[in-house]
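J.: Sharing a structure below in C-alpha cells format, with a few things to ask.
The values are calculated or read from the model by the stated rules, or taken from the named source; none is laboratory data. Quick caveat, the model's predicted, so the values are computed rather than measured. So basically every Cβ, Gly included, is an ideal-geometry build from the backbone, and we count neighbours across all protein chains shown.
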Amino acid sequence: KARGAEEALNALESVRLPAAEWVSLGVSNIKEQGPARSAADMLTMPETQLAEVEAVLVAKGALPATGVEPLAREEVTISSKYANYLRRQEAEVARWQAHEGTTIPADFD
C-alpha cells in the first residue's frame, strides 16, 4: 500500500500541463487560459477527483494502465487534498520551534 501510494504521489508531481490541456483531457474545473499545473496541484482542488487526474496520468504514461493501486487510492487522495494545509502547519511548527529558546525578560510587562 505505501509503495503504491508513493509511486502515485511521485507521478502526480511529475506531470505538469498547461491549463488548456487539462481542460481538453476532461478536467474542466479550471480556465483554459490559466497557468500550467501539476497533477498534484489539480488534485488539491476540492472539485477534482482522483479518477479524473488518474486518467490523465495513465494517458501520459506516468502511471501503468491499471492506475493507482486500489489499496493506495484513499491515502493518495487524502495526502493530495491536504498537502497545502500540512505544509502550512509544518511551517508554523518550524516558526514556533525557532522561537522555543527565546526567554522573556523578567521585567516584561
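J.: Out of E47, E90, report the one residue that is touching a residue at least 12 places away in the same chain (Cβ under 8 Å) and not aliphatic (A, V, I, L, M).
T.: Working: E90 fails: touching a residue at least 12 places away in the same chain (Cβ under 8 Å).
After ruling out the rest, the residue left standing is E47.
J.: Which residue is nearest to S79 (Cα to Cα), if the candidates are limited to region 9-32 and must be modelled with pLDDT under 90 and polar (S, T, N, Q)?
T.: Among them, the one singled out is N10.
J.: Related question: Just to be sure I understand the filter: pairs with C-beta atoms under 6 Å, separated by 6 or more residues or on different chains, first member in region 71-85 and touching a residue at least 40 places away in the same chain (Cβ under 8 Å), second member basic (K, R). Which pairs pass?
T.: From region 71-85, the pairs are L71/K1; A72/K1.
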